[in-house]
Every structure is written in C-alpha cells, then in structure tokens.
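The values are calculated or read from the model by the stated rules, or taken from the named source; none is laboratory data. These numbers were taken from a predicted model, which means no experiment stands behind them. Please note: Cβ atoms are built from the backbone with ideal geometry, for glycine as well, and neighbour counts cover all protein chains shown.
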Amino acid sequence: MAELKAGDTAPDIQLPDQNGKLVRLADYKGQKVLVYFYPKADTPGCTKQSCSIRDSKADLKKVGVAVIGISPDEPEAQKRFDQKYDLGFPLLSDPQHKTAAAYGAWGEKLSMGKKTMGIIRSSFLVDEQGRIARAWYKVSPEETVPKAREALASQCND
C-alpha cells in the first residue's frame, strides 16, 4: 500500500481494543484522532512512545484530540501493556496487519541487517471529517507527540 498523505480519506478502523470492545474510526467522527502504529507492546521503543502519548493525553484532549494505538499484539497483551503503564486510551489489536497495511504502516524493513516484514512505526493525525491531516512514517518514539503538537499548532495558525 502506498503511503497516505494529507487530504486522503483515513482507512476504516474496526478492531478490538485491550478490553475486547470493537473500536471504529467512525466512532470518533467530529473529533481529531491521533492514530499511531507500534511494533510490539511492552518493548523499549513502544513503551517510550506510548508513555509520552499518555503523558500528553490531557493536553491533547484539551484541543479535542483522541488517541488510538495499534499493534499486532492480541488484546490480552495490549491489556497488560495498558495496565502496566496506566496508558488509559484504546490499544487496538491488528494481528492480521490489515489495518496497518491500509495505512501503509506494514511493510518491508531492515532489522539487524535482514529484510523482514513488520510494522513501520507511523502516526497519523485524522481530522474531524475522517481525512488524514498529517502522516508520519518511520517516526521515532520520541517524535510522535512533538510532531502532532506541531501539526495542531499549524492548523490553529491556518
């Protein structure tokens, strides 16, 4: 799948969260959503990324932004991750990689000198109409929140 860009319609999301509840992107119509894809729950980079989002959750909420995390982990692993770090937002299970592929966040990557298929750490700011406002591929765990804040600030200045 090609990378998404600003103005594209955000692909549909219909996945179970860490509590087994089906979460749909359509449930968030009328509000902005930060959707981020991470390779594996409770690994160092994914923990750093998710905790930085957790720590910014109140600020994001003030400007009307909800958060959804997505990885190939099963709901039980997502629940343990959520509980261990008190993340407090939906962590969706995409073990078949269909949603990740639709977002261009599943593909070939280089890991320890070998080409493998996996999650390409990515984040997306989806606007109130369900369109991609911004997309970041190969984003570092530390960049997710600053890039979202920068995008939100530029929207306020437009």
Taking residue 60, is it buried (at least 18 other Cβ atoms within 10 Å of the Cβ), at pLDDT below 95 and not basic (Lys, Arg)? yes
Return the total of residues in the stretch 119-154 being of a type in the set (Lys, Arg), assigned to a loop (DSSP other than H, G, I, E, B) and surrounded by fewer than 16 Cβ atoms within 10 Å (Cβ to Cβ). 1
All but one of (1) in contact with a Ser or Thr (Cβ under 7 Å, 6 or more places away or on another chain); (2) in a strand (DSSP E or B) hold for residue 115, so report the exception by its number. (1)
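The rows are residues; the columns are (1) under 18 Å from residue 27 (Cβ atoms); (2) among the aromatic types (Phe, Trp, Tyr); (3) touching a Gly at 6+ places or on another chain (Cβ under 7 Å).
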{"site": "50", "(1), (2), (3)": "no, no, yes"}
{"site": "56", "(1), (2), (3)": "no, no, no"}
{"site": "60", "(1), (2), (3)": "yes, no, no"}
{"site": "64", "(1), (2), (3)": "yes, no, no"}
{"site": "77", "(1), (2), (3)": "no, no, no"}
{"site": "84", "(1), (2), (3)": "no, no, no"}
Matching entry among 71, 93 (being of a type in the set (S, T, N, Q), within 15 Å of the chain's Cα centre (by Cα), closer than 19 Å to residue 144 by Cα and at pLDDT 95 or above): 71
Could you check, for the stretch 88-98, whether at least one of its residues is over 16 Å from residue 40 (Cβ atoms), of a type outside the set (S, T, N, Q), surrounded by 16 or more Cβ atoms within 10 Å (Cβ to Cβ) and in contact (Cβ under 8 Å) with a residue 24 or more places away in the chain? yes
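Among what's in the stretch 104-118 and is farther than 13 Å from residue 69 by Cα and aliphatic (A, V, I, L, M), pick the residue that is surrounded by the most Cβ atoms within 10 Å (Cβ to Cβ).
117
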